[in-house]
Amino acid sequence: MDISNFTKPTGMFLKADKVKLHPTAVFVITGEAKLVTNEKFGGERLHVEGEFNQEECVLDLSRTNSRFVSGKLGNDTKTWIGKSLSLETYKTKTQDGKLVEAINVKDAK
């Protein structure tokens, strides 16, 4: 039996609900980003380690958000360490049609 879904750590990813609760807080990048295969969203995603509202977490960036950040901060994620991202939320539909909140990067400095 494959128990990978059962043993997967929870709570480490930044959630849209937390961004909504702290709209002025910024995500400060503390580690080099990692490219991962994400079965839930299909394809590759970029995971960025950092702090949001004084809590360590991982920000899961879509390809669109990754392009935006790299346009502002460059393509080498090592140079992103110490930089900050301003975040916002927006509503989007899941594949099954459910309306959910998602995270968008609105600025990178």
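Taken together, the values in this text are just the output of simple stated rules run on the coordinates, not laboratory data. Just so you know, these numbers come straight off a predicted model, no measurement behind them. Cβ sites come from the backbone with ideal geometry, for glycine too, and all protein chains shown count toward neighbours.
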Sorted by chain and then number, the residues having a modelled amide H within less than 5 Å of the amide H of ASN53, at least 5 places away or on another chain, are VAL26
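If you rank PHE13, PHE68, PHE27 by fewest surrounding Cβ atoms within 10 Å, what's the result? Before the final figure, lay out the partial values.
Numbers: PHE13 13, PHE68 18, PHE27 22.
The order, fewest Cβ neighbours first, is PHE13, PHE68, PHE27.
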The simple spin-label model distance between VAL28 and GLU49, using points 7 Å out along Cα→Cβ, in nm, is 1.6 nm
Each label sits 7 Å from Cα toward the beta-carbon; between LYS91 and GLU56 the label points are separated, in nm, by 3.7 nm
The long-range amide H neighbours of ASP107, using H built 1.01 Å from N in the peptide plane and a cut-off of under 5 Å, are SER86
Rounded to a whole number, the Stokes-Einstein D of region 4-108 in µm²/s (Kirkwood radius over Cα pairs; 37 °C; 0.692 mPa s) is 230 µm²/s
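Of LYS109, LYS34, LYS83, how do they rank once you tally other Cβ atoms within 10 Å and put the fewest first?
LYS109, LYS34, LYS83
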Cα-Cα longer than 21 Å, checked against LYS72/LYS106; LYS18/LYS78; LYS15/LYS72; LYS20/LYS72; LYS15/LYS78, kept in input order, equals LYS18/LYS78; LYS15/LYS72; LYS20/LYS72; LYS15/LYS78
Amide H proximity to LYS83 below 5 Å, modelled H, separation 5+ or other chain, gives ILE29
With Cα coordinates, the longest principal axis of the chain makes an angle with the long axis of helix 63-73, in degrees rounded to 10, of 20 degrees
